[in-house]
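All remarks here apply to the structure that follows.
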Amino acid sequence: MSAAKSSTGTGTIATADAEPYRGRFAPSPTGPLHFGSLIAAVGSYLEARVHRGTWSLRIENVDRTREVPGAADLIIRALAALGFEWDGPIVYQSDRTAAYLTALDRLASAGLVYACSCSRTEIEARLQGVPSTGDDMRYPGTCRSGPRHPERALATRFRVPPGSVRFVDDLLGEVSQDVAAEVGDFVVRRRDGYVAYQLAVVLDDAALGITHVVRGADLLDNTPRQILLQRALGLPVPRYAHLPLAVDAAGAKLSKSAQSVPVDPSRASALLWEALDFLKQSPPDFLATAPLADVWTWAFGHWDLSRLRGQTRGVAPAGPT
Ligand code: GLU
């Protein structure tokens, strides 16, 4: 995976009215809203609003095994208390199974997926001594011509074409990844029957007509996989902007550190101020204690995504959020 670090982007940050703008925020209900996901909410919301676009809220609970009961409602209530206003009904991935299965059938009819019986341990054993450049455990293609153990519960993998996938991120510039070499054929349906995030997100973004995806840089290396699925299914490829990942002072990803505490919506103005500060918008100090509506008004008038160009991480505030 490579991003053009020295790039200052492409200068193509969309100008208002160029096309209808449809953005979204898509939290996974694995816990209450924390500062890292607040950043994605604020960034995607302001970007949509300054482009006079729509902003949808989608609860990404496709992986029911990771869903924490009550977390979706906590996230929704925190967003409402912070003054976010989403367009249309909230979408739940758990309601979208039929659409996912139809797409899987299409991929199967086109010969673009195959059944795989490999366990994690078997993949690890096969990869022993094989250097990997990717973060994920690269799949070596063992079941490409048929599952080794057809009697087992089978996963479904996407047959990744060779070559690099390139896209231009509105903040990070040109990004390219050789998915075949770094990730290999990836899972689109797990062996427990759940559709994988990569496929669900692509189908959901297309169903909502999303034109711009603004989300955390922790998802950057998923984007080339998602683009491959969009191409395979003949779906439009949205523009992408990946926001800096919130880390603690020691550089650890927020979700893995003590700072991954739920945000406290009773501090709404201060919280929004902290998010704007993290997002390099330089909010004036007095806003931290101003009425929430004033903070939003200031944000709508001053939001400039390009201030984040080239940044992949940022340090989250140390105090309570
Ligand atoms: N559900 C993912 C998360 O909470 C975000 C997916 C996306 O924005 O594409 O990290």
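The values are calculated or read from the model by the stated rules, or taken from the named source; none is laboratory data. In this text the structure is predicted, and so the values were computed from the model without any measurement. When we count neighbours, we look across all protein chains shown, and the Cβ atoms used for this are built from the backbone with ideal geometry, even at glycine. For accessibility, only protein heavy atoms count, side chains too; no ligands or nucleic acids. Shrake-Rupley method; radii C 1.70, N 1.55, O 1.52, S 1.80 Å.
For the stretch 145-185, the dipole from Cβ point charges (+1 on Lys and Arg, -1 on Asp and Glu) about the Cα centre works out to 380 debye, to the nearest 20.
Considering only Gln93, Ser145, Thr223, whose Cα is most displaced toward the positive end of the charge dipole of the chain, charges sitting on Cβ of Lys, Arg (+1) and Asp, Glu (-1)? Among Gln93, Ser145, Thr223, the one farthest towards the positive end of the dipole of the chain is Ser145. Note on Arg66 and Ser109: the model spin-label points, each 7 Å out from Cα along the C-beta direction, lie 3.1 nm apart. If R0 equals 51 Å, the separation of the Cβ atoms of Ser119 and Thr297 corresponds to a calculated FRET efficiency of about 0.40.
With the simple spin-label model, which puts each label point 7 Å out from Cα in the Cβ direction, the Met137 to Ser176 separation comes to 3.0 nm. List the relative contact order of the chain as a percent without decimals, with contacts defined as Cα pairs under 8 Å and 6+ residues apart. So the answer I get is 24 percent.
Summing Lys and Arg as +1 and Asp and Glu as -1 over all other residues whose Cβ lies under 14 Å from the Cβ of Arg144 gives a net charge of +4.
Projecting the Cα atoms of Val237, Ala275, Gly314 onto the charge dipole of the stretch 201-321, computed from C-beta unit charges around the Cα centre, puts Val237 farthest toward the positive end. Near Gln230, once Lys and Arg are set to +1 and Asp and Glu to -1 for all other residues with Cβ below 14 Å from its Cβ, the sum equals +3. Taking every protein chain into account, the accessible area of the chain amounts to 44 square angstrom per residue (probe 1.4 Å).
Could you please state, rounded to a whole Å, how far the C-alpha centre of the stretch 154-199 is from the C-alpha centre of the stretch 222-255? Going from one Cα centre to the other spans 11 Å.
In this simple spin-label model, placing a label point 7 Å from the Cα along the Cα-to-Cβ direction at both Leu127 and Thr30 gives a separation of 1.8 nm.
Using the Cβ-Cβ distance between Arg148 and Asp95 with R0 set to 35 Å, the FRET efficiency from 1/(1 + (r/R0)^6) comes to roughly 0.50. Across the stretch 103-212, counting alpha-carbon atoms alone, Rg and Dmax equal 15.2, 47 Å. Over the C-alpha trace of the chain, radius of gyration and Dmax come out as 20.2, 65 angstrom.
Computed from point charges on the beta carbon alone (+1 for Lys and Arg, -1 for Asp and Glu), the dipole magnitude for the stretch 115-263 about its Cα centre is near 540 Debye.
Nonpolar atom fraction for the stretch 197-321, defined as the carbon and sulfur part of the 1.4 Å probe accessible area, stands at 57 percent. Remark: the chain carries a charge dipole of roughly 860 debye about the Cα centre, counting +1 on each Lys and Arg Cβ and -1 on each Asp and Glu Cβ. Unpaired cysteine residues in the chain (no second Cys Cβ under 4.7 Å): Cys118.
A simple count of charges around Leu57, restricted to other residues whose Cβ falls under 9 Å of its Cβ and scoring Lys, Arg +1 and Asp, Glu -1, yields +1.
Once the chain from Ser306 to Asp264 is taken as fully extended at 0.36 nm per residue, the excess over their C-alpha distance is 12.3 nm. Taking the chain as a Gaussian network of alpha-carbon nodes connected by springs under 10 Å, the highest mean-square fluctuation of the residues Leu243, Leu272, Leu154 belongs to Leu154.
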